[in-house]
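The values are calculated or read from the model by the stated rules, or taken from the named source; none is laboratory data. Worth saying up front: this structure is predicted, and the values here are computed from it rather than measured. Here the Cβ positions follow ideal geometry from the backbone for every residue, glycine too, while neighbour counts run over all protein chains shown.
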Amino acid sequence: MGEIEEKDIDQGKKLGTQELTLSMGPQHPATHGVLRLVLELDGETVTKCTPYVGYLHRGVEKLGENKTYFSALPLTDRLDYISSMSNNVAYVVAVERLFGIEAPERAKYLRTIMSEMTRISSHIIWLGTHALDIGAMTVFLYSFREREWLLDLFEQACGARLTVSYPRIGGVRNDVSKEWLDSLYRFTQEFPARVDEYETLIDQNRIWLQRTKGIGVISAEEAINWGLTGGTLRGSGVNYDVRKAFPYDAYDKVEFEVPLGSAGDVYDRYRVRMGELRQANRIIKQCIEQMPDGPVLAPDAPKFILPAKENLFKNMESLIHHFVLLTKGPLTAPAGEIYSAAEVPKGELGFYIVSDGTGKPYRMRVRAPSFIHASVLPRLCEGGLVADVIANIGTIDIVLGECDR
Amino acid sequence: MEPLQITEKIKEAFPAEVLDVTEFRGQVSVHLKREKVLDICRFLHDTPELAMDYLMDLCGVDYLGKRDDGSRFEVVYHLYSMEHRHMLRLRVRVPGSDPKIASVMPVWKGVNWHERECFDMFGIVFEGHPDLRRILLPEDWEGHPLRKDYPVQGRSGDEEWRGFKEVLEISEKLKEFEWER
């Protein structure tokens, strides 16, 4: 091949260009589920981005209206299926607030521990896949090692690794053993070193910095206006955390900081989530140290809690109680409405429950953070490069099961 | 600011619009007429001592047969102020015969998909929304699933799906076997 001559370049200009419409997804590996983006490209620049969601819609809100408060709990597992424990906690806290039930102290601490374990396991799966999308493969292999430890602990506590349904209205299903707590405590001692290990892989990596710094920038005011929450909001430097703003469970009894970013780009959101990993570890450690002994289910909430299995076959009252609770729901529910939110790994998961006094919720609205975060994608992607679309999908940390409900 | 003080502010600025104020478990709801909802939202967003800059949630509720004044639907807004750390709920009544309400997109950009979902699930039209399409359901879907008269179950067994109207009829017939609600 010889030198490119001047006349060849002139000829190329005459040919002209046209925009390309590219449908990305719904089964693209980098979309973390079934998200479809229709991108309009001018060369490598994205001029328009239109997300399509709803491929995983299962009608959770409609189903919730037709189930009793008790039996709607497993539906919430399937929202954000990699952090089901936090979703359960968000739901039971909402129902407890609606009916004025107070869970015992030990149950509150256990739920806090479980929520933070979920935060760690969700954030490290996010870290692994986000880095994998951008091109750093090794992080994925390291992060799944710690996730496995946590999932094993979930399995020991409640028998399930992913869809746990462990919290109950008025407490948790069963207590954990001393060995279980020992194993978890050992985890909290080892985990900070592991976080350092992830950081040595990418934190100062020049390719990682070039792919993340200054990409997908959103200012603090704009982030609030768009309704972003969680790490996606705090990357822009807004100090809003549901655990601090509306404390639930044992979050008002433990010390932790809310990590904040400043630039509002992909890199700062990554730094915020790495900070959250350390804080979550700190919360778990404090909870184990402070946890009191005692019951794990509230005694004053019999209308919401199934009777013990051994009583079921001996005691007529228990049998009737069990049947009514599972078919018709609690008989003495007060009428009213509540909006209750919890800080799940993805952001603010809110439940707006309207009770009309019957055993089933009249309306169960799920405010899913992933849904809002997916809606901000056009704002982040338009004007950027195609390669940055992948970085932006990763940084908003969405799970489509929660987005589509 | 306490939520009840905020409701006083709304009453001062829009005396004809506030229908009722209720409180349950420390959360205050303001019941509003739908005509000036955009103005009220702008007032709540722009007034410095209120500064409701974060819209937590927007959703619809169907009160079919529970209301005397013909207002079947309600659009519920949850507002929060990042600066002052206060929260308020707005409940705006929308009649079933003419389910339309002004979009609050000019105030909060993040309400875009909430309003599309509310349109999808309840058939409430948000006037002034730039892109009001179905979002979670396919574009050719019939009916609005979260309305209370939408059937939960279709036909049982391996019969073929016959369409929305037939299922509605069957669900009417099956109602006699339900628990009373």
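Overview of values
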| read-out | value |
| --- | --- |
| Lone qualifier among B:88, B:50 - being within 14 Å of chain A (Cβ to nearest Cβ) and not hydroxyl-bearing (Ser, Thr, Tyr) | B:88 |
| Residue match in the stretch A:161-173 (condition: of a type outside the set (D, E, K, R) and assigned to a helix (DSSP H, G or I)) | no |
| Criterion: within 19 Å of the chain's Cα centre (by Cα), of a type in the set (A, V, I, L, M, F, W, C), in the same structural domain as residue B:107 (by TED's automatic domain parsing) and outside any helix (DSSP H, G or I) - qualifying residue of B:44, B:19, B:38 | B:19 |
| Tabulated pairs, the stretch A:325-339, first touching a residue at least 60 places away in the same chain (Cβ under 8 Å), second assigned to a loop (DSSP other than H, G, I, E, B) and of a type in the set (S, T, N, Q), C-beta under 6 angstrom, 6+ apart or interchain | A:329/A:68 |
| Residue in the stretch A:395-404 that is part of a helix (DSSP H, G or I), facing chain B (nearest Cβ under 8 Å) and farther than 30 Å from residue A:305 by Cβ present | yes |
| Qualifying residue in the stretch A:201-221 (condition: at positive phi, within 14 Å of chain B (Cβ to nearest Cβ) and assigned to a loop (DSSP other than H, G, I, E, B)) | no |
| Whichever residue in the stretch A:126-155 is in contact (Cβ under 8 Å) with a residue 40 or more places away in the chain and of a type in the set (Asp, Glu) and, among such residues, is nearest to residue A:391 (Cα to Cα) | A:133 |
| Residues that are in contact (Cβ under 8 Å) with a residue 24 or more places away in the chain and either assigned to a loop (DSSP other than H, G, I, E, B) or within 8 Å of chain B (Cβ to nearest Cβ) (or both), drawn from the stretch A:223-240 | A:226, A:227, A:228, A:229, A:235, A:236, A:237 |
| Qualifying residue in the stretch B:60-71 (condition: touching a helix residue (DSSP H, G or I) at 6+ places or on another chain (Cβ under 8 Å) and closer than 24 Å to residue A:369 by Cβ) | yes |
| Filtered residue count, the stretch B:53-71, keeping only those that are assigned to a strand (DSSP E or B), out of contact with any Lys or Arg (no Cβ under 9 Å at 6 or more places or on another chain) and farther than 18 Å from residue B:36 by Cβ | 1 |
| Boolean, residue A:273 is within 18 Å of the chain's Cα centre (by Cα) and crowded, with 20+ Cβ neighbours inside 10 Å | yes |
| So residue A:68, is it part of a loop (DSSP other than H, G, I, E, B) and either in contact with a Gly (Cβ under 6 Å, 6 or more places away or on another chain) or at pLDDT 85 or above (or both) | yes |
| Unique match (being among the hydroxyl-bearing types (Ser, Thr, Tyr), at pLDDT 90 or above and under 24 Å from residue A:272 (Cα atoms)) among A:138, A:118 | A:118 |
| Unique match (being within 21 Å of residue A:243 (Cα to Cα) and within 14 Å of chain B (Cβ to nearest Cβ)) among A:340, A:262 | A:340 |
| Test: residue B:136 is crowded, with 21+ Cβ neighbours inside 10 Å and closer than 23 Å to residue A:57 by Cα | yes |
| Residue list for the stretch B:50-92, restricted to those being charged (D, E, K, R), under 18 Å from residue B:19 (Cβ atoms), surrounded by 20 or more Cβ atoms within 10 Å (Cβ to Cβ) and in contact (Cβ under 8 Å) with a residue 24 or more places away in the chain | B:72, B:89 |
| Candidate set from the stretch B:93-122 (those that are out of contact with any strand residue (DSSP E or B) (no Cβ under 9 Å at 6 or more places or on another chain) and touching a residue at least 24 places away in the same chain (Cβ under 8 Å)); member that is farthest from the other protein chains (Cβ to nearest Cβ) | B:97 |
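For (1) within 12 Å of chain B (Cβ to nearest Cβ); (2) assigned to a helix (DSSP H, G or I), each residue gets a yes or a no:
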{"site": "A:325", "(1), (2)": "no, yes"}
{"site": "A:365", "(1), (2)": "yes, no"}
{"site": "A:371", "(1), (2)": "yes, yes"}
{"site": "A:380", "(1), (2)": "no, yes"}
